[in-house]
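A short worksheet on the structure shown next.
The values are calculated or read from the model by the stated rules, or taken from the named source; none is laboratory data. Only a predicted model underlies this, so the values are computations on that prediction, with no experimental measurement involved. All Cβ positions, even for glycine, are placed from backbone atoms using ideal geometry, and neighbour counts span all protein chains on display. These area figures cover heavy atoms from the full protein model, side chains too; ligands, DNA and RNA do not enter into them. Shrake-Rupley method; radii C 1.70, N 1.55, O 1.52, S 1.80 Å.
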Amino acid sequence: MSERRQLISLAYRLLGSLADAEDVVQETYARWYAMAPRQRAAIESTGGWLAKVASRICLDLLGSARARRERYVGEWIPEPVPDRTEWVSGWTGGAEVDPADRVTLDESLNMAFLVVLEAMTPAERVAFILHDVFRYPFPEVAEIVGRTPAACRQLATSARRRVRASRGPGTPNARRARIVREFKEAWEAKDVEALIGLLDPDVTAIGDGGGVVAALPRPLRGGEPVAEYFVGLVRQADGLTILERTVNGRPGLLLQYEGATVAVLALDIVDDRVTHVWAVRNPAKLRPWT
């Protein structure tokens, strides 16, 4: 059971859903305990076996998840997670992790990264996460994905290109926090001009209500439309409280109304401007925040 935290960390990155990750881990343990004691005793690395089984279950789930998301009402955003060390630390197959690799692991938690993963094929996503993030060698990745090591290398290379193409210049978290705070203060002050000054001219805002609560029906683009939209929300919802929180390892915002969490916002920042705002309102995805 000591592997549970690491398994959830792996499954969450593969699926983008904490609820699904927890289901995967439960199924993984069910398969472990379904084996006879002598079969379990014959396994050299318990953590390695559990991680491989969890990865295979995730690979199977990713195909059906894609179909479910095509039927999803409105935009689908990966489930945001709060600042807890278990979502940041991950299993590395027992290998030592140098500082450069730790940055990669931490970065794999942020919303911008997870959104890019959503555009990948299931095999690309699994090969990339297992190799580039969790440092599995390609022969082991091949066993999980059901392809040759050479094919898995190609999958990871293709996924890597997608990630590199989506990345802007790195912004230290301290600067991100300052910009998020300025965004919050301008929003609370209903200052459209100040918000526009913090937003990239081509900023995109996306809302996920899951068809359960009101959210943006489609992505909203442009500094002025996005600023006016957010100011309009504050004007309509008297008593809305905006709090600074760590969202997927980066500075973000949490919205409360009458003491209840009603939204979590993840922001992407490039060159000191907000380029993306992902607002999750689906109550099912806010469970870890309540």
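Things to note:
- Rolling a 1.4 Å probe across the protein heavy atoms gives the chain an accessible surface of 47 Å² per residue.
- About its Cα centre, the chain has a charge dipole of approximately 820 debye under the convention of +1 per Lys or Arg Cβ and -1 per Asp or Glu Cβ, with nothing else charged.
- Dividing the summed helix terms, -39500 (n - 2.57) for each DSSP H run of n ≥ 4, by the number of residues in the chain produces a 222 nm estimate of -16000 deg cm²/dmol to the nearest 500.
- For V247, nonlocal amide neighbours, meaning residues 5 or more places apart or on other chains whose placed amide H falls under 5 Å from its own, are G252.
- Cβ crowding within 10 Å averaged over residues, with 189-198, 202-211, 162-171 ranked highest first: 202-211, 189-198, 162-171
- Nearest-10 value in Å² for the accessible area of V247, using the 1.4 Å probe: 10
- Rough spin-label spacing in nm, given labels placed 7 Å along Cα→Cβ, for E44 and D272: 5.4
- Charge dipole (the chain, unit charges on Cβ, about Cα centre) - positive-most of A266, T204, G74: G74
- Estimated at 0.36 nm per residue, the fully extended path between D60 and S158 surpasses their Cα-Cα distance by 33.2 nm.
- Here the contact order of segment 146-290, divided by its residue count and restricted to Cα pairs under 8 Å and six or more residues apart, works out to 25 percent.
- Inter-label distance, nm, simple model (7 Å from Cα along the C-beta direction), D83/E182: 2.0
- Length gained on full extension, E118 to Y33, computed as 0.36 nm times the residue gap minus the Cα-Cα distance: 27.4 nm.
- Counting only Cβ charges, +1 for Lys and Arg and -1 for Asp and Glu, the dipole size of segment 172-286 around its Cα centre is about 400 debye.
- Once the Cβ-Cβ distance of R167 and E244 is raised to the sixth power relative to R0 = 35 Å, the FRET efficiency obtained is 0.90.
- Note, ³J(HN,Hα) from phi for segment 34-49, Karplus 6.51, -1.76, 1.60, rounded to Hz, x at Gly and Pro: 6, 7, 5, x, 5, 5, 5, 5, 7, 7, 5, 10, 4, x, x, 5
- Taking the protein heavy atoms of the chain in the context of the full set of protein chains, the accessible area attributed to carbon and sulfur is 50 percent at 1.4 Å.
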